[in-house]
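These notes are about the structure you will find just below.
The values are calculated or read from the model by the stated rules, or taken from the named source; none is laboratory data. Quick caveat: nothing in here was measured; it's all calculated off a predicted structure. No Cβ is skipped: glycine too gets one built from the backbone with ideal geometry, and neighbour counts run over all protein chains shown. Each accessible area value is taken on the protein alone, full model and side chains, heavy atoms only, with ligands, DNA and RNA left out. Shrake-Rupley method; radii C 1.70, N 1.55, O 1.52, S 1.80 Å.
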Amino acid sequence: MLIENHEDQTRCFLQRMADCVIYFIEVIYFIYVIFTTAKGGIHLEINCAMQQNHCALHNSLNEITELFFHSGIKYFTFTSIMLTRGRTFQKHSTRPHQKNKKYGHMKKALLLLLPFAGLLWVPLYNHSNPVLFGFPFFYWYQFAWVPVTSVLIWAAWKTERQS
Amino acid sequence: MNTTTLPDNAAIGVFIVCFLATILLGSTVRLWRPFLSRRKAASHHTEGEEWGLGGREFGAWVTWFLVGGDFYTAYTVIAVPALVYSTGGFGFFALPYTIIVYPFIFAVMPKLWTIARDGGHATAADIVRARFGSRTLELAVALSGLIAVLPYIALQLIGIRTVIEALGFTGMLPLLIAFVSLAAYTWLGGLHAPALTAFIKDVMIYIAVLAAVIIVPIHLGGYGAMFHSAAQHLPDTPDGHILPQGQIMPYATLALSSAFAAFLYPHTLTGILAAKSADTIRQNAVFLPAYTIVLGLIALLGLMAHAAGIVTTSSSQVVPQLFLAIFPSWFAGFCFAAIAVGALVPASVMAIGAANLIMHNILPRRAESVTGSRLAGFGVKVGALGCVVFLNAKFAIDLQLLGGVIILQTFPALIVGLLPVRLPARALITGWVAGSLIGLGLCWMDGLKPVHPVAFAGFSASVSTGLLALGINLAVTFTMAMAIRLALGASPSTLQHRQGVQR
């Protein structure tokens, strides 16, 4: 009985962790999509879809829902992420070759501006749920941006060296 | 009611040993540095460049420790938790600020470094003079830097004084100790002293902070319980939000303006310009955010103090009191030494940066003597000491806020000047005067608060005063630039500039 309970707790905990990670990826990707939309004036319909998903997932995190329902939404979200991602890259790869350098600059600027968007838009993270390791969302979201920023700068550096 | 804990002799002993050892190591850096590097010291550097910029040869590691050491000052260790202690989540704006500063560094500083290396410049004002050919603009930038950094050094002295007072000494003695140790350390070691002892500082701070973030939650029953009990001591916020509605704009704009201002200060710029190559700076932009994690943990100390039941009226005593309450006294002494050394390193870099400004830019004739630089650095420290003695600590903090507004006004000349837009020096000077005057005026009218209420088109919020003044500065600068271009018409000189830009 006790062991079962313990197992249950572990599963609950793992699920919660996964939720938090996915939620974070979701938020970052959401910002990314808005950026590309604002830049190119394309993908508007995807943006709207993302926003709806985002809200749906957020709400579902606040209440305890069934595992299947949960993973259904996650699957849906991930599919949409993969789909839009594929389309974005396809779009870029069909660009003429001479625009590559300019594109490199744009990509670098985009990578460097993402932390600004993610951190200066305070209402995005000004709430206490979901909690991770006892940290309210407000706190762990900002902590999580530190390694993400490092990786983004590194990616920008790589882009710069390529072009 | 004050819950003041007094330490015993063990704490004082550990503090003295650690602090003295660091000062000795830093002051004698000339004697033992040759053993570390087998390379002969590059001979083409003048002694002045060696003292003031470390010979421009710091690699990735030394730069990491040096910039991290003087950007995250002891004042940070004391003031950020103090702000979190008194305002809750709002004090956390230090975290977004120290994150978004790195993309900014990555985009801007390698270019600035290249210009400085090619022209042999040591300060921001040098760069501006070379680019715009205006002595007035050079003086404006140099004076802004000097005025902004003086109260900052004063705050480091206050940081050292705070921990010595927490050890139970009172009166003028703590301040005197702080001043003499700082003076000896900088005079003898130059920039090599903080660069190499920054390593000691970081290791000590890391140990202290990691111990705190592990031990305190164990005492209090986990982070969840810690956040929960801290929330009971702080003002309530509606429905699951952390910041109340009115603090959102100040939070974002303060983070942004601090991030823009952070690397315009003479001390941080000195650390950047002393790097070996532009790639060293890029590499550091990737790895320096590691310090931000530590800063975030330090900020949490403010919440932990609430949870641990620390009640104090002077918020700068929050961290020392927390350390005394939760650690055995010898370890509290070690943590205090970490904070004191953490003040020594940045204060020394600040004094060197300010001395560079005085020697290169403010004095009329370009003087190149180390003794002169040392004297200038000493003078700066005496000025800082004066700030502490004659103005009270509260005023030093306000002055530092004004310093942030002032230093931000050099942004157009230094950073916008990097863009391929030719701005005339006269336009930049006008913008600088307008921005500085309006910024200081707004600060003064608001009773020395960092934010100013703005109402525009049915939308009202408080915005960082520095950012507001910078906006006015930029607007004036660009308007003047347009006006000057129109007034001059298509004179040969402007045409030449335009062609140069297009290429």
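Before moving on, here are some points about what is shown:
- Think of a 1.4 Å ball rolled over the protein heavy atoms: chain B then has 40 Å² of accessible area per residue.
- Per-pair calculated FRET efficiency, R0 = 56 Å: B:Arg117 and A:Ile25 via Cβ, rounded to 0.05: 0.90
- Shielding by partners for peptide A:110-119, expressed as the average number of C-beta atoms from other protein chains within 10 Å of each residue's C-beta, is 5.
- Taking B:Glu57, B:Glu138 and ordering them by how much accessible surface each has at a 1.4 Å probe, largest first, produces B:Glu57, B:Glu138.
- Surface burial for A against B, with a 1.4 Å probe and both sides summed, reaches about 2900 Å² of accessible area.
- Placing pseudo-labels 7 Å out from each Cα toward the beta carbon at B:Leu20 and B:Val389 gives an inter-label distance of 2.5 nm.
- Taken residue by residue and averaged, Cβ atoms of other chains lying within 10 Å of the Cβ of B:290-302 number 2.
- Cα extents for chain B along the principal axes, largest to smallest and rounded to whole angstrom: 75, 65, 41.
- Nonlocal amide H pairs with B:Gly190, under 5 Å, H built at 1.01 Å: none
- Residue pairs, from the table B:Lys201/B:Lys381; A:Lys108/B:Lys201; A:Lys158/B:Lys276, whose Cα atoms sit over 31 Å apart: A:Lys108/B:Lys201
- Paired Rg and Dmax values of the range B:121-268, which use every Cα atom, in angstrom: 21.5, 62
- Percent carbon-and-sulfur accessible area, chain B, ignoring ligands, DNA and RNA, probe 1.4 Å: 69 percent
- Residues of the range B:241-259 that bury at least 20 Å² of accessible area once all protein chains are present, compared with their chain alone (1.4 Å probe, heavy atoms only, ligands and nucleic acids left out), are B:His241, B:Ile242, B:Leu243, B:Ile248, B:Tyr251, B:Ala252, B:Leu256.
- Extended-chain gain in nm, criterion 0.36 nm per residue less alpha-carbon gap, B:Lys449 and B:Ala487: 9.7 nm
- Where B:Val389, B:Val349 fall by accessible area, highest first, once all protein chains stay in place (1.4 Å): B:Val389, B:Val349
- Residues A:Trp121, B:Trp330, ordered by accessible area of protein heavy atoms at a 1.4 angstrom probe radius and largest first, appear as B:Trp330, A:Trp121.
- Under 5 Å, built H, 5+ apart or other chain: amide partners of B:Val454: B:Ala461, B:Ser462, B:Val463
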